[in-house]
Amino acid sequence: MKLCIILTGACLALTPSFVFSENESIALDIGSRRELFVDHFLIDQTKDVEMVLHHPRDEGSVLKFDKAWDGLFSGYCTVIKDGGLYRLYYRGKPVVGKDGDDNESICYAESKDGVNWTRPELTLFTVAGHKKNNVVLADAAPLTHNFSPMLDTRPGVPTAQRYKAVAGTMEGGGLVALVSADGIRWNKMQEKPVIPKEMVPFRYMFDSQNVVFWSQAEKRYLCYFRVFKGEIRRICRSESDDFIRWSEPVLMEYEKQGKQVPLEQLYTSQTHAYFRAPHIYVATAARFMPGRQVLSEAQAKAINVNPSYFKDTSDSIFMTTRGGSVYERTFMSGLIRPGIGARNWVSRTNYPALNVVQTGPTEMSIYSNQDYAQASAHLRRYSLRLDGFSSIQADYDGGEFVTNALTFSGKQLEINFSTSAAGGIKVEIQDQAGKAIPGFSLKEANEQIGNEIDRVVSWKGGDDVFSLAGKPVRLRFVMKDADIFALKFSK
């Protein structure tokens with residue numbers, strides 16, 4: 001279909017280029033939810049735009065694993081934002097050993113900003129000869145191998161169970177549930193596993209970080225845990241109403257716009273509800289490349305990495321799911337690449353922590369453990385703009401896209417966007433057949449120029465779209481040298 005583009009300065013004017021049937025699709029009801037452009041859920045047709053993955057900015061090390069009780073093999077980190085307090089949980093393991101051995105403990109750190117972290121001096125357990133330490137769980141093998149906590153946001157949750165966790169290995173019988181009132185002192189909910197190994201129809205499972213959270217969208221607890229199918233590390237999903245009784249696990253599949261993509265070894269899924277759009281689950285997974293050796297023996301010796309940990313590589317990838325048994329692999333490329341130099345090209349490094357959290361008015365952070373099996377092992381912070389995992393992007397020559405038919409509730413349309421000084425975005429609201437609605441046409445649209453998280457879109461007649469609420473409409477975005485990350489209709 002031919003598209004005519006006329007660009008004058010920063011002004012945009014495109015002739016209509018898409019044709020729709022009024023009965024072509026059923027309108028999506030997005031209400032007043034924030035929708036991110038991380039998949040093709042909202043997108044119907046595009047012209048000269050592309051969906052791009054944005055790579056987080058390296059903000060440096062935030063915590064060194066240099067205590068006698070944490071050390072070189074620390075990992076499986078979780079970051080939880082609880083009001084004004086950030087909580088970090090991680091496995092401490094100073095010496096190499098079997099998964100689930102007695103050398104493992106669970107350590108805890110705190111921050112008021114997500115940037116500067118401190119270890120509280122606790123006296124709950126004596127570890128490595130030290131009574132004063134930041135250990136919150138010890139002498140509990142194999143639960144200390146892969147303990148993964150959550151802040152339970154379910155309405156009406158008892159105070160004593162405000163924090164929950166799962167931990168355990170196949171050899172230990174399965175995943176055990178734990179609870180805590182303060183996130184520091186933990187107890188088992190029951191002795192026997194809540195997801196026993198007998199429930200899982202695979203030969204090996206549970207040996208990495210297995211994650212849980214309360215789904216506001218699905219009104220139930222979800223668990224995403226690691227299994228092997230054949231020789232591939234895969235992810236299973238299970239559901240629960242009470243954190244005790246869990247459904248039969250379902251193996252997750254990986255697709256891009258309805259088509260299967262190549263299977264990759266995913267060591268940890270780190271699946272969780274995105275805090276600004278909890279109906280979208282994001283997964284900053286660790287991609288493991290067994291046998292993909294980068295360093296020579298001489299290079300490995302030079303950085304003093306444990307000799308068992310330099311013959312594989314790993315990085316992180318980004319995927320999403322909106323429930324069900326499919327991850328959307330919109331982007332097959334890496335989210336965070338290993339850094340410059342030899343230290344971050346070793347085995348079991350670059351594993352992201354569970355949860356992306358807000359660390360500023362316009363910023364969110366991803367954390368990643370790095371320099372595994374080395375004296376320089378540490379947790380590192382990376383930053384992105386809010387909602388900024390990916391965007392729909394137009395270059396200087398311009399482009400456009402049109403959404404599927406949708407219904408909304410609200411009075412204003414807000415967008416998270418950025419443009420160059422020469423770029424801009426105009427929004428046209430159409431009826432379901434793709435015809436511009438009077439008052440909201442492209443000619444009447446005010447061009448949006450700048451870089452904002454929540455810009456209210458307007459037309460010559462103002463910004464009130466309440467008259468269209470509940471009616472099937474399409475949104476047409478005409479763009480030049482610009483990115484749009486998310487949209488929502490505000491009440």
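Tabulated data
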item	result
Filtered residues of region 251-273 (kept if in contact with an Asp or Glu (Cβ under 9 Å, 6 or more places away or on another chain) and part of a strand (DSSP E or B))	TYR254, GLU255, LYS256, GLN260
Matching option when the condition is modelled with pLDDT under 95, assigned by TED's automatic domain parsing to the domain that holds VAL212, in contact with an Asp or Glu (Cβ under 8 Å, 6 or more places away or on another chain) and surrounded by fewer than 17 Cβ atoms within 10 Å (Cβ to Cβ), among GLY339, GLY334	GLY339
Selected residue (criterion: surrounded by the fewest Cβ atoms within 10 Å (Cβ to Cβ)) from residues of region 395-418 that are touching a Pro at 6+ places or on another chain (Cβ under 9 Å) and among the aliphatic types (A, V, I, L, M)	LEU406
Total residues in region 81-127, condition hydroxyl-bearing (Ser, Thr, Tyr), farther than 17 Å from GLN209 by Cα and within 27 Å of the chain's Cα centre (by Cα)	3
Residue within region 350-369 that is buried (at least 18 other Cβ atoms within 10 Å of the Cβ), part of a loop (DSSP other than H, G, I, E, B) and free of Cβ contacts under 8 Å to residues at least 60 places away in the same chain present	no
Test set (1) of a type in the set (Val, Ile, Thr); (2) in a strand (DSSP E or B); (3) under 26 Å from SER308 (Cβ atoms) - VAL95 fails condition number	(2)
Top-ranked residue of region 128-143 - restricted to ones that are closer than 16 Å to ALA109 by Cα and surrounded by 16 or more Cβ atoms within 10 Å (Cβ to Cβ), ranked as farthest from the chain's Cα centre (by Cα)	ASN133
Where PHE477 falls short, out of the listed (1) under 30 Å from LEU63 (Cβ atoms); (2) surrounded by 23 or more Cβ atoms within 10 Å (Cβ to Cβ)	(1)
VAL115 vs. criteria in the same structural domain as LEU222 (by TED's automatic domain parsing), under 30 Å from SER418 (Cα atoms) and of a type in the set (A, V, I, L, M)	yes
Output for region 350-384, where each listed residue is closer than 18 Å to THR320 by Cα and out of contact with any Lys or Arg (no Cβ under 8 Å at 6 or more places or on another chain)	TYR351, PRO352, ALA353, LEU354, VAL356
Evaluation of VAL49 against (1) at pLDDT 95 or above; (2) out of contact with any Gly (no Cβ under 7 Å at 6 or more places or on another chain); (3) within 30 Å of ASP397 (Cβ to Cβ) (one fails), failing number	(2)
Filtered residues of region 59-90 (kept if among the β-branched types (Val, Ile, Thr) and touching a Phe, Trp or Tyr at 6+ places or on another chain (Cβ under 6 Å))	VAL62, THR78, VAL79
Residue identified as assigned by TED's automatic domain parsing to the domain that holds ARG237, modelled with pLDDT of 95 or more and assigned to a strand (DSSP E or B) among ALA177, ALA160	ALA177
Check on VAL62, buried (at least 21 other Cβ atoms within 10 Å of the Cβ), touching a strand residue (DSSP E or B) at 6+ places or on another chain (Cβ under 9 Å) and in contact (Cβ under 8 Å) with a residue 12 or more places away in the chain	no
Where ARG381 falls short, out of the listed (1) of a type in the set (D, E, K, R); (2) surrounded by 20 or more Cβ atoms within 10 Å (Cβ to Cβ); (3) in a loop (DSSP other than H, G, I, E, B)	(3)
Members of region 452-466 that are under 14 Å from GLU428 (Cα atoms) and not hydroxyl-bearing (Ser, Thr, Tyr)	VAL456, VAL457, TRP459, LYS460, GLY461, GLY462, ASP463, ASP464, VAL465
Options GLU171, GLU218, GLU198: the member that is of a type in the set (Asp, Glu) and in a helix (DSSP H, G or I)	GLU198
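Yes/no matrix, rows are residues, columns are (1) closer than 21 Å to TYR89 by Cβ; (2) surrounded by fewer than 22 Cβ atoms within 10 Å (Cβ to Cβ); (3) touching a residue at least 60 places away in the same chain (Cβ under 8 Å):
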site: ASN210; (1), (2), (3): yes, no, yes
site: ALA217; (1), (2), (3): no, yes, yes
site: PHE225; (1), (2), (3): yes, no, no
site: LYS229; (1), (2), (3): no, yes, no
site: ARG233; (1), (2), (3): no, no, no
site: CYS236; (1), (2), (3): no, no, no
site: ASP241; (1), (2), (3): no, yes, no
site: ARG245; (1), (2), (3): no, yes, no
site: GLU255; (1), (2), (3): no, yes, yes
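The values are calculated or read from the model by the stated rules, or taken from the named source; none is laboratory data. Quick caveat: nothing in here was measured; it's all calculated off a predicted structure. Heads up, the Cβs are rebuilt from the backbone with ideal geometry, glycines too, and the neighbour counts pull from every protein chain shown.
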